[in-house]
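Enquirer: Below: one structure in structure tokens.
The values are calculated or read from the model by the stated rules, or taken from the named source; none is laboratory data. This one's a predicted model, so the numbers in the text were calculated from it and none came from an experiment. A quick note on method: Cβ atoms are made from the backbone with ideal geometry, for glycine too, and the neighbour counts reach across all protein chains shown.
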Ligand SMILES: Nc1ncnc2c1ncn2[C@@H]1O[C@H](COP(=O)(O)OP(=O)(O)O)[C@@H](O)[C@H]1O
Ligand SMILES: [Mg+2]
């Protein structure tokens, strides 16, 4: 069952198209993340679902009901923003109840819903506090509570963690994942942060230039990016890109790198110029001569692993992932082995082709 369906929706601002015929189905109970750089249309698409932006063309269905012409209050969704804007003079209880009082819901029913939300969010003890007496993370939980009490068919989050400091962001992220597992509600979550997308999503929708670049599970988009854009956007540190000249045919194909190194791979592509993509963890630092070698420039120790920044002798820059106890020192010449099953070739149009 799909809870939210967009069919070929389009949106322009002053003649400039920002959403171009996007179609998408979100299943009931699914956690879908819209991921993309700033300005890629994530918020606009979410706001079109919420009813805060009109839909120029196309249709929207929420819970089986055609919704593109409904007012925001008539759509069965609740939105949580980055700027959660609680009422400072109201208690947590009143902040959560406010929207329900506005629609004149029965008093007892409101109290019951506030209690339930407080229990889910573990805020029972904080109901009589005012926002100033709460931490940033607790305030964000009140904002989520305001959405929970509406018992919507779907929750819409627009960068809800952006205002929190780094440690709190990680903690609140885990809480959100738990919340989704407990409530099993449909959630759509907008972020520019690929780590949030990877850790929270059942499926990630990657937006770029008014369009969907790829839809897939976190590991699908990580291991089999559909385009150079996705390959570069997902993963930290990012994928390495090298100039490659492809020759040969079938099982005998060889990519010649800018420094002359020859890498055998199987991609079944016409010979010619491509960009070769390889993630840091697919480049192994080895003691004996291997696929190619480079000079270590910077060695970043992260404790459990080490990022070795390298220059090949044609000037190409690479990052290889080594163990926590890496013996590489800046200035060392190191040998590199490429895992050829984790190579990608990108053509002139940015389309990805994955090696076997
Ligand atoms: N109300 C508006 N009027 C004009 N242009 C807008 C408006 N809202 C968004 N845009 C433009 O639409 C594009 C997508 O914006 P947005 O959806 O906010 O991107 P994101 O959330 O991915 O950063 C941007 O180019 C932005 O400038
Ligand atoms: Mg935005």
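Enquirer: Looking at residue 173, is it out of contact with any strand residue (DSSP E or B) (no Cβ under 8 Å at 6 or more places or on another chain), in contact (Cβ under 8 Å) with a residue 24 or more places away in the chain and within 17 Å of residue 30 (Cα to Cα)? I'd like the intermediate steps shown before the answer.
Expert: On the way: out of contact with any strand residue (DSSP E or B) (no Cβ under 8 Å at 6 or more places or on another chain): yes; in contact (Cβ under 8 Å) with a residue 24 or more places away in the chain: yes; within 17 Å of residue 30 (Cα to Cα): yes.
In short, yes.
Enquirer: Answer yes or no as to whether residue 182 is under 26 Å from residue 11 (Cβ atoms) and surrounded by fewer than 19 Cβ atoms within 10 Å (Cβ to Cβ). Please lay out each step first, then the result.
Expert: On the way: under 26 Å from residue 11 (Cβ atoms): no; surrounded by fewer than 19 Cβ atoms within 10 Å (Cβ to Cβ): yes.
Here the answer is no, as residue 182 does not meet what is asked.
Enquirer: Would you call residue 198 surrounded by 15 or more Cβ atoms within 10 Å (Cβ to Cβ) and touching a strand residue (DSSP E or B) at 6+ places or on another chain (Cβ under 9 Å)?
Expert: Details: surrounded by 15 or more Cβ atoms within 10 Å (Cβ to Cβ): yes; touching a strand residue (DSSP E or B) at 6+ places or on another chain (Cβ under 9 Å): yes.
Criteria met by residue 198.
Enquirer: State whether the residues of segment 43-52 include one that is under 25 Å from residue 114 (Cβ atoms), away from ligand 1 (no atom under 16 Å from the Cβ) and not in a loop (DSSP other than H, G, I, E, B).
Expert: No, because not a single residue in segment 43-52 is under 25 Å from residue 114 (Cβ atoms), away from ligand 1 (no atom under 16 Å from the Cβ) and not in a loop (DSSP other than H, G, I, E, B).
Enquirer: Something else now. Are any residues in segment 34-55 surrounded by fewer than 15 Cβ atoms within 10 Å (Cβ to Cβ) and away from ligand 2 (no atom under 13 Å from the Cβ), and if so, which ones?
Expert: Answer for segment 34-55, where residues must be surrounded by fewer than 15 Cβ atoms within 10 Å (Cβ to Cβ) and away from ligand 2 (no atom under 13 Å from the Cβ): just 54.
Enquirer: Within segment 4-15, does at least one residue satisfy the condition of being over 22 Å from residue 200 (Cα atoms), away from ligand 1 (no atom under 14 Å from the Cβ) and not in a loop (DSSP other than H, G, I, E, B)? Give the derivation first.
Expert: Step one: filter segment 4-15 for residues over 22 Å from residue 200 (Cα atoms), giving 7-15.
If we keep only those that are away from ligand 1 (no atom under 14 Å from the Cβ) too, we end up with 7-8.
Subset that is not in a loop (DSSP other than H, G, I, E, B): 7-8.
Looking through segment 4-15, at least one residue is over 22 Å from residue 200 (Cα atoms), away from ligand 1 (no atom under 14 Å from the Cβ) and not in a loop (DSSP other than H, G, I, E, B).
Enquirer: Consider residue 235 against the criteria (1) more than 31 Å from the chain's Cα centre (by Cα); (2) in a loop (DSSP other than H, G, I, E, B); (3) crowded, with 17+ Cβ neighbours inside 10 Å: it satisfies all of them except one. Which criterion is unmet?
Expert: Of the numbered conditions (1) more than 31 Å from the chain's Cα centre (by Cα); (2) in a loop (DSSP other than H, G, I, E, B); (3) crowded, with 17+ Cβ neighbours inside 10 Å, the odd one out for residue 235 is (1).
Enquirer: Can we say residue 206 is touching a residue at least 12 places away in the same chain (Cβ under 8 Å), under 30 Å from residue 100 (Cα atoms), within 16 Å of ligand 2 (Cβ to nearest atom) and not in a loop (DSSP other than H, G, I, E, B)?
Expert: Values: touching a residue at least 12 places away in the same chain (Cβ under 8 Å): yes; under 30 Å from residue 100 (Cα atoms): no; within 16 Å of ligand 2 (Cβ to nearest atom): yes; not in a loop (DSSP other than H, G, I, E, B): yes.
When the stated conditions are applied, residue 206 does not pass them.
Enquirer: Going residue by residue through segment 146-153, is there one that turns out to be under 17 Å from the mean Cα position of the chain (by Cα) and either under 23 Å from residue 67 (Cβ atoms) or part of a helix (DSSP H, G or I) (or both)? I'd like the intermediate steps shown before the answer.
Expert: Looking only at segment 146-153, we keep the residues that are under 17 Å from the mean Cα position of the chain (by Cα), and these are none.
No - not one qualifying residue is present in segment 146-153.
Enquirer: In segment 131-160, which residues are surrounded by 23 or more Cβ atoms within 10 Å (Cβ to Cβ) and either more than 21 Å from residue 72 (Cβ to Cβ) or within 16 Å of ligand 1 (Cβ to nearest atom) (or both)?
Expert: Answer for segment 131-160, where residues must be surrounded by 23 or more Cβ atoms within 10 Å (Cβ to Cβ) and either more than 21 Å from residue 72 (Cβ to Cβ) or within 16 Å of ligand 1 (Cβ to nearest atom) (or both): 140, 141, 156, 157, 160.
Enquirer: Looking at the structure I just gave you, is residue 345 buried (at least 17 other Cβ atoms within 10 Å of the Cβ) and under 19 Å from residue 228 (Cα atoms)? Talk me through it step by step, then tell me what you get.
Expert: On the way: buried (at least 17 other Cβ atoms within 10 Å of the Cβ): yes; under 19 Å from residue 228 (Cα atoms): yes.
Spelling it out, residue 345 is indeed buried (at least 17 other Cβ atoms within 10 Å of the Cβ) and under 19 Å from residue 228 (Cα atoms).
Enquirer: Taking segment 209-225, which residues are crowded, with 18+ Cβ neighbours inside 10 Å and assigned to a strand (DSSP E or B)? Reasoning before the result, please.
Expert: Here is the first cut: in segment 209-225, the residues crowded, with 18+ Cβ neighbours inside 10 Å are 210, 212-214, 216, 218, 221-222, 225.
Scanning segment 209-225 gives 212, 213, 214, 216.
Enquirer: Residues of segment 315-328 being exposed (fewer than 13 other Cβ atoms within 10 Å of the Cβ) and either outside the structural domain of residue 285 (by TED's automatic domain parsing) or under 18 Å from residue 256 (Cβ atoms) (or both), which ones? Write out each step before concluding.
Expert: Going residue by residue through segment 315-328, those that are exposed (fewer than 13 other Cβ atoms within 10 Å of the Cβ) are 315, 323-325, 327.
Matches in segment 315-328: 315 only.
Enquirer: Given the residues 251, 355, 261, which is the only one that is in contact with a strand residue (DSSP E or B) (Cβ under 6 Å, 6 or more places away or on another chain) and free of Cβ contacts under 8 Å to residues at least 60 places away in the same chain?
Expert: Values: 251 fails: in contact with a strand residue (DSSP E or B) (Cβ under 6 Å, 6 or more places away or on another chain); 355 fails: free of Cβ contacts under 8 Å to residues at least 60 places away in the same chain.
Just one listed residue meets the conditions, 261.
Enquirer: Next up: I need the full set of residues from segment 161-203 which are over 28 Å from residue 228 (Cα atoms) and within 14 Å of ligand 2 (Cβ to nearest atom), in order please.
Expert: 163
Enquirer: Can you confirm whether residue 29 is surrounded by fewer than 17 Cβ atoms within 10 Å (Cβ to Cβ), in a loop (DSSP other than H, G, I, E, B) and within 12 Å of ligand 1 (Cβ to nearest atom)?
Expert: Working: surrounded by fewer than 17 Cβ atoms within 10 Å (Cβ to Cβ): yes; in a loop (DSSP other than H, G, I, E, B): yes; within 12 Å of ligand 1 (Cβ to nearest atom): no.
No; evaluated as a whole, the condition is false for this residue.
Enquirer: Given the criterion under 30 Å from residue 185 (Cα atoms) and buried (at least 18 other Cβ atoms within 10 Å of the Cβ), identify the matching residue among 285, 205.
Expert: Values: 285 fails: under 30 Å from residue 185 (Cα atoms).
Selected residue: 205, the only one of 285, 205 that is under 30 Å from residue 185 (Cα atoms) and buried (at least 18 other Cβ atoms within 10 Å of the Cβ).
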